[in-house]
Each structure stands twice: as C-alpha cells, then as structure tokens.
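Undergrad: My questions will all concern the structure given below.
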C-alpha cells in the first residue's frame, strides 16, 4: 500500500505525458496535423521548383521548333554517360509522382478533418479571406485533373491531335490550336497562379520560416512567383492562339 | 434547522438588536519576535506523511490567484484536491482583471525597501485595523512569490539588461511593484492556472467547472464538504472532504455596480457564515476613484482605469451648480480644481479614499458632470501642453484608448470623466493566523478572508495576498490541521448531507415558485443603490438606520415579486442571480450594522459624525482598535471583538491637508 | 435605437436549435452589446420566457468568457471582445444575427453558451512550466533578454475566448496553441520542456477534434488581443524541430 501510494506521488510530480519515445519520428509527423501540413509544404515546394524549370523550358518555344525539340532531347541526355539515355527523366518522375501523391493524400486527409471540425456553418455567412485562400481545395483538385490531362496530351500523346513522338513543338502547337486544348490549359494555369499565390506563403508559414519581419517579403515573393509562373506558362498557348507561334 | 424560512421574510429579525459576545483572539500566531513567528509556526506545525497525503481529499472553491495557487500546490504535495469554479474555465476567475501590479520587498532598486518597510506600509495603509503578525508574514512571503511566478514563466516587465523592472505605486516612496504591462493579474493568474492545469491533467486535481458552491456541510463541528449545483444540468450534489478551502473572492457585487466581474458573488462565504464562520469587518470596502462613470440605467458594471492617471491629470468640476456647458466652454476661473484647493500639499495625488470622497461631495452638491451628474473631470490639457501629446500618449495611450472605446470621447481633446466605484472588499470571513475560520476545517484565503488589509488596502497588495495565501501560507497550515486531526469518514448517507441538500433545493424551488413581476437585476440594482448611498464612502447614522429599515422591506418584496422563468434543472442564469441575491440581502444588512456600530472614520470609509475640526477622517483607536467578527445566530447577530495590538507600528493619524 | 435581433436559441446540446427573431427598442448607443442583450433578457423574464443564455463575466475584455458571432464575425465588427463592443457601431433599424461559436470541439451547451473545455485540456497537456511551489530559484538568477520577454508577453496576452476557433473555417485551435507555445518556449525557463511541450500540445489539439491550419488568417483577424499570425509559424517551427 505504501509502495503504491509512493509510486503514485512520484508519477504525479512528473510531466504527465512525458513521452516514451514515439515509434518513429516520421510516423508521428504524418499523424499530426502540423506534420502533415509540413509534408504538404515540402512536396508543394518541390513541385514548385519543378514548375519553375518547366516554365523556363517552355519559353524555348519562342525560339522555334529546333530549339524546343533540341531542349527536349537534351533533357533525356542529362547524367550521361553515368545514366543511360532518358534515365534522368525516369528518376525524376517517381519523385514528382511521390510529391503529387503525398500532397494530394495529405490534403485530402486534412480537408476531411477540417470539415469535421466545423460541422455546422454560420447562418449569417460572410465572405472570408482572399479568393486564393478559399480556392485552395478546388484549385488543387482542378490542378490534379489537369496533370492527368496534360500527361495524356503531351507525354503519352494519347489525346494529342498531332501525336508526333519526339516533336514536342509540333504537339504543343497542335494541342493549343484546338479550343479545348488551349482553354483547359489556360484555366489550369490561372488556377495554378492562385494556388501558388497562397501556397508559397503558406508553405513558409507551415515550415516556420515566416516571422513578422519577413511576412511582407514572403507575401510579395508569393505574388511575384505566382504572376511569373502564370504569365510564363500562359504565354505559350496565347502565342499559339494569336498565331505568333505556329 | 429550518432557518431558510427567514429568507422568505416571514420572521424578520432585527439586526439592530445585536449583542456583544466573548472577545475572540487569534491563538495560532506564535509569540516571540515578529520576524520569527512564521518560521516558528511552520516548525511547530504537524506534518502529514507524504505517502498518506493522497488519502486526504481537500475541497478548494474558486480558482483565482488564491484558489488556483492553493489547488496546484496542495496537489503537488500529494493531496487529492477537488476544485470548483462557477466559470467555464479556471482561467476566468476575476483575479484576471487586476491591472496594476504586485508588491514584493525585493529591494532590487536599492531604494531602502525591506520586509520591514513593506510590513510597515501595509499596516499603516490599512489604517491600523490589520493584525501585525499576518501582515509581517505577508511581507516576508512576498519575496518568494516573485521567484515562484518568474519560474512559472510569468512575463513580468524587464529592463534592457534582462532583469525585472519595478515601479512605485499608490503613493509609496519605494519602487517595489512588479508588473506585466496593465495585465499583471492576468499573467499571474495564468501562471497559477497553468500549474493547476498540469495537476488536473495528472489526475491530482478533480475539477468541477460551471459548478457553484451553495452550502457548507458541517459534521461534528467540522467542515466536511460542500453542496454544489451543476450550473448546466442544475443537479445538486454533495461533495465530501477532510477540509474545505474557500477562495471565492470578495463581495463587492453586493453594490450591483462595481468593478467586480458580473458573476463574482458572496454566496459561498455567506453560506459558510450561516454555518458558523464569523464574518469580520463587513463594512470595510474599498472605493476606487478613477473609474469610468455610468452612462445610464443600463450600466451593468463599472470599469476601472489605472490610478496612475492622477499623476498628470487635473481633477475639476464647474464652480456653479448645474453648469451643463461643455467643458471646453467653461472658462478657467469658473472651474474648481477642488483637490488642489483643499489639499494643496498633495493635490490630485491624495489617497484613494480621499479622492473618492471628495468627488462624491462635489457631485452631491450638484456640481457633477456627465449623465446624471455623477462624474468629475480628469483633464489632461495642461499635461498635453506641458509634455506634448506624444509624451502623454506614450504614458497613457492604452488607457486613453480604453476610455475612448467605452465612452466614444477623445480624452486628448475632451477631459475624461471619472467617478469612484466599489473595487475591493477588505472584510471577509474571520480567520486566524492559520487562515482557518471559526469552523474547524474551513479555511478562507485571498479576498474571501479579512486578514491582511485592515480598513484599506494598498495598491498592488491584493495580488500579493492572494498568492501568498495560496502558494505559501495555506499549504503548511492545512498540513497541520490534517496532521493533527482525527477525521472519521463521513458516510454518503449521513443525514446532514440530505438535510443541507434539501435546504439548498428548497430555496431554489421557493424562488421559482414566486412567479412575480420583478427581475433579479431590478432588485439587485435597488439594493446596490441603497447601499451605495448609505454604506458607501461616507456614512452616517441616519442613513445606515434607513438602510437597515429598508433592506428587510426589499427582501420581503423580493419574496413576493421575484420572477424567474424556467426550472432549476437546466442552465438558468436568472435563477443563479436570484439565488445570490438572497444572500446579498442578508450580507447587506450585516454590512450596514457593522458600519453603524463602528462610529469612527477609518481607512476607506468616512463616518460623517467622526471628523476632525477641519473635516478630515478621525479614527478612534481607544474604542475601535479591534476587528469586528460577527457570529450568525439566525436571530440578531453577536459581535466578537478581536483586539488589535500594535507592538511594531505605532498608530498615527493620517494627515493630507 | 430600435433593432431586430435574430438569435440562435437551443435548449441543450442534443436538441435542435434555430434562429429566433426579437425586437428591442430604446437601445442606447452607449450600451455594450451584452447590456443590449441584458435589456432583451429583462423583457423576456417579465414575459415569462427563458432569457437568452450567454457566457460573460468581467465585462472589461480580459476574462475571455464572452463571445458570440455577430453578423458572421466573431466578437462582431470591431476588434475587441463582445463585452467591449458598443452599440454605437450599429445603426438604428439594423437586423443583427447572433450565433454561438461554431466548432466541432465546442459543443453548444445552450443558446449562445458553448463548451470550451477542450482549450483547457490543451493547456493541461503541456502549456505550463513545471515549477512546483517552493522550488523556484531567485527571480534574478536568469536574465531574460528584453526581446524574448516582449515576444513572450505579446503571445501571453491570449484570453482563451476561442474567437480564433470560431472564426476559422476549419475550427482550428492553432492560434490559441501557438500563443501558449510561443509564450513559454521563448523564455529560458521554458527551455527544458520545449520539445515535449509543443509535441504534447499539438497532439492534444488534434485529439480534441480541432481542424488543421490552412493559413487563412481569419483567426488573427478575429483575435481581440492581436495575437499575430506569425505565432503559428513559430509553433510550426517549434514542432518541426522537436
């Protein structure tokens, strides 16, 4: 009896939830809402970096078919001779796929949790936050669908009107020359801009690099980045539709 | 024990027929040099084997500075604490609203402060109506409080070197007040709340939030539990323990309008009083001079602004009665800077009670300003001209902002209006040096007891006393009680439980059954005004007799006309109010009786008949150097006097002329 | 002034509620919002109807007890608590919608009263510094740089009213949790428990059913004490490094 009560007293004096080592840091991170959000931030930034490179590559279109097609070919030669032809792309693709999947799964799980945490809406509704912030979820869904379309259109060429393997320039022009090809792309790029506008600053916040001094700079950077990406990506279909690139 | 029927006004007793009983004495304070008394008391105290402590249940009612600190500390020591608060969270107790700061004799400024000086200032500030032993202990413990709070992470203001900042407060000559901007109470309370939360999570404290104590259970002459109402379900339950600690704050809300939180109430201490705990010095209330005046009949509470405003603001009213011109149109020679005129040496910095009373006098003369003529100007025009707007803003910006938010007037261009308001109650349950009431096993800590502030409290001393009691004084004295006392378990079917529960339930049913035509607030307002007019800053015999005659009438009317919709078995805030009001009626009577019998001017209150030739307060030590401890009898109360001896600080008469 | 109020009335947690319309007249613009509701309640009592239940206590903006969503905004149109919101911010003839805090973790108790004890449990999970009474070193033993002290204070001002949760479209308690984590983690006294504190508090927050942060900033906009949104960034940093 005496022993038991002494034990009890000791426990009482300790931090109640003094942690036994959690099974694994990664699992603990994934389980918590903050950790999951960090996973989204990292995967999002990875995709963002990829998009910046992608967008810059796209601009090659303005230097003519040879430039762009040559660039596309060069991409397959990166890493040679250590890597075999095309391997670099095949190494990059799983990484990107993993980023898309974790980003999407985390977003889905967090969204479900968020909706459950606010089961009843206010009768008096009020417009809340910025458009970019409010459209993160649907914008994300649109972008996910677009990625599928985009791969079918310009990677596998399944739905591409030209479908000339090894000639991305011709495929791009062909795709953007149709009203739906150009339209889908333009809508998706606007969604991308909005997504990046909130997403970039949000990632900084989630990863804890934001502070009162940096806040404005980060917001400006997010806006700038979103604008540049959107403008860069949109310039290609617009140029095609305007007949500047043919 | 059917005396709750007196509530219904059936057999109104006359408080005026009170009798004087045996003197009462504090037998717990050890003799010997005052500096060593607390050490000696702690050494002589019985200890409870740490392994046995968890077998003791201790009830703590209230989670403010005193209750929160006590609950956390007792749980840390191994006791099983059962704690109650009527708020939805322990963090909301009204200690949170204290603005100014907390005194401690650290002497960090090297400005001559010491434990002895804090002791001296507090006894003198209390106008020689407090117990020396208690006050000295308070000054000793003050030093440890700051250490404790800093360790908990209380973000006190700091200097650039990283050390704690202090300021001088309330006209004291040394800089001994530690502060956290204007939110010292909040930060200290959060420290105690966090410590308490840790113990709740550890299972050492069983918290009952939204639960209000409605009565005390006394078995074989000892406090053994409480009866409480779950405010959400309305369920009435008994909770048993080996000791009961009341940390339920003051009773300033008896006045309806006060700076207290709306739900602060006197029910816990009053029910304890009815069960045998003496009530000491009920008429000692503190009135704060710089509150924002009421704007109309809808006013539900008063908001205090820091006294520091008087450092630079000049107080005035128009010389002519009923002058309704806007302040800017009243020329300089038609203004009466009455404090500067009457007290040229101290001017606007006279003590709280003098500033408050002077404001009442000019308003009673018909020279008050603002709605209802219940206000005086506090003018910063000179300060702004002298120091510049920026300097005034740096000093008082947040207060000006608060004033503007509430009144929609810009104090930079229009003088502020201020009026005194009830702020703190020095009276409370009588306790000995161990903080034990006259009911063995019942302890009262913080503002709920009467012990340390005498007839007037110094600024920044309330927080000090609450934390001293909760963190440092109560734990060892409670240990002593539990270690010394053989307590047999009280069976859950003990008849006393059922009886007290039935009384509590009956009273609620009686209230609900009246189904009259007046709301609880309408009665409370009327009672408050009666008290404010007759038992406020200035009192006289005629007024007090009038109040003593009027209160029973009002109470009888309450039992005829009160209306409370709904039932007792649900969240019913109107019922909570009405139930508290029943106790306020009785307490108000005792306050008036205490004020009537103490025919001296003292501390925070002025008895018109007891004035010096130049109209200042005249204390009468030969007759009144005692604490008045009132015993409840169900009939006329009995007065027990505790004589106060001053061996270290010799009584002097204040003079500010 | 005369007003039309549409107030959420709900008997208990398990009964359905609805918006009920009331008219109040003779409202002074100097009244606080709660005093306006007092006026309504006085009328309701005299009519024999149950008054509108709402939490309130200090009525000076510091205890955090009061809080209702007024016209879709937590604590109404001004950046302050409901008790410090005055009727002069409304117009004669206005219709005002009054609803309780809405969040899965804040079940409605009655009318405008909700159960916010989940916030207390977050604090209990780690929102403290373990310093049992009597064990404290001399207060000046550790100097605290003024910037750290000021940053701690800025976050310690949180009154626990829950407006951040009510305003958040996800019912998230991140700003509340951040306020306490930052307050204690930037102080040297809080350093030993820095990692376990943030881990346990975030864990408790998730377990209580609060949503996650999508950085909408609604919380900081609604906060009557101005706890900054960047506090959440700090919380995230503390969590990721823990």
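Undergrad: Does the range A:106-246 classify as rounded, prolate or oblate by the C-alpha gyration tensor (a ≥ b ≥ c root eigenvalues; a/c under 1.5 gives rounded; else a/b over b/c gives prolate, otherwise oblate)?
TA: Details: a/c = 2.44, a/b = 1.78, b/c = 1.37.
It comes out prolate by the Cα gyration axes.
Undergrad: What order do you get for B:399, B:645, A:192, A:91 when you list them from fewest to most C-beta neighbours inside 10 Å? Each step should come with its number before you reach the end.
TA: Working: B:399 18, B:645 9, A:192 23, A:91 12.
Result, fewest neighbours first: B:645, A:91, B:399, A:192.
Undergrad: While we're looking at this one, here's another question. For the range C:3-110, what is the percent of antiparallel DSSP beta bridges, rounded to the nearest 5?
TA: Of all bridge pairs located within the range C:3-110, approximately 75 percent are antiparallel.
Undergrad: Here is a follow-up. Hey, fewest Cβ within 10 Å first, where do B:562, C:62 land in order?
TA: B:562, C:62
Undergrad: In addition: Using the beta-carbon distance between residue B:526 and residue A:54 and R0 = 56 Å, what value does 1/(1 + (r/R0)^6) give for FRET efficiency, to the nearest 0.05?
TA: The formula returns an efficiency of 0.10 here.
Undergrad: Relative to a virtual label point 7 Å from the Cα of residue B:349 in the Cα→beta-carbon direction, which members of the range B:155-173 show backbone nitrogen distances below 16 Å?
TA: The answer is B:167-173, whose backbone nitrogens lie closer than 16 Å to the label point.
Undergrad: Using a 10 Å cut-off around each Cβ of peptide C:142-151, what is the average number of partner chain Cβ atoms that fall inside?
TA: 5
Undergrad: Mind ordering A:139-145, B:464-470, B:319-325, C:153-159 by average Cβ neighbours within 10 Å, highest first?
TA: B:464-470, C:153-159, A:139-145, B:319-325
Undergrad: Still on this model: Looking at the protein assembly as shown, what % of its DSSP beta bridges pair antiparallel, to the nearest 5?
TA: So the antiparallel bridges in the protein assembly as shown amount to around 70 percent.
Undergrad: Assuming a ≥ b ≥ c are the square roots of the Cα gyration tensor eigenvalues, decide whether the range A:23-125 counts as rounded (a/c under 1.5), prolate (otherwise, with a/b larger than b/c) or oblate.
TA: oblate
Undergrad: Let me ask you something else. How do B:20, B:58, B:141 line up, fewest other C-beta atoms within 10 Å first?
TA: B:20, B:141, B:58
Undergrad: How would the protein assembly as shown be classified by its alpha-carbon gyration tensor: rounded, prolate or oblate, with rounded meaning a/c under 1.5 and the a/b versus b/c comparison settling the rest?
TA: Judged from the Cα gyration tensor, the protein assembly as shown comes out prolate (a/c at least 1.5, a/b above b/c).
Undergrad: Applying a 10 Å radius around every beta-carbon, put A:207-214, B:294-301 in order of their mean neighbour count, most first.
TA: In decreasing order of mean packing, A:207-214, B:294-301 become B:294-301, A:207-214.
Undergrad: So what's the back-of-envelope 222 nm ellipticity for the protein assembly as shown, counting only DSSP H runs of four-plus at -39500 (n - 2.57) apiece and dividing by all residues, rounded to 500?
TA: Here the helix-only value at 222 nm equals -13500 deg cm²/dmol.
Undergrad: Assuming R0 = 41 Å, what is the FRET efficiency of residue B:404 and residue B:550, from their Cβ-Cβ distance, to the nearest 0.05?
TA: It comes out at approximately 0.60.
Undergrad: What average number of partner chain Cβ atoms lie no more than 10 Å from the Cβ of the residues making up C:71-78? Show your work: numbers first, answer last.
TA: Values: counts 3, 7, 4, 1, 0, 0, 0, 1.
Counting Cβ atoms of other protein chains within 10 Å of each residue's Cβ and averaging gives 2.
Undergrad: Give me Rg/Rg_expected for the range B:288-423, where Rg uses Cα atoms only and Rg_expected = 2.2 N^0.38 Å with N residues.
TA: 0.97
Undergrad: Measure nothing but the geometry: give the 0 to 90° angle between the long axis through the Cα atoms of C:174-185 and the longest principal axis through the Cα atoms of chain C, rounded to 10°.
TA: Long axis of C:174-185 versus the principal axis of chain C: about 40 degrees.
Only the coordinates and a few stated rules stand behind these numbers; no lab work does. Values in this document were obtained by computation on a predicted structure and should not be read as measured data. Methodologically, a virtual Cβ is constructed for each residue, glycine included, from the backbone with ideal geometry; neighbour enumeration extends over all protein chains shown.
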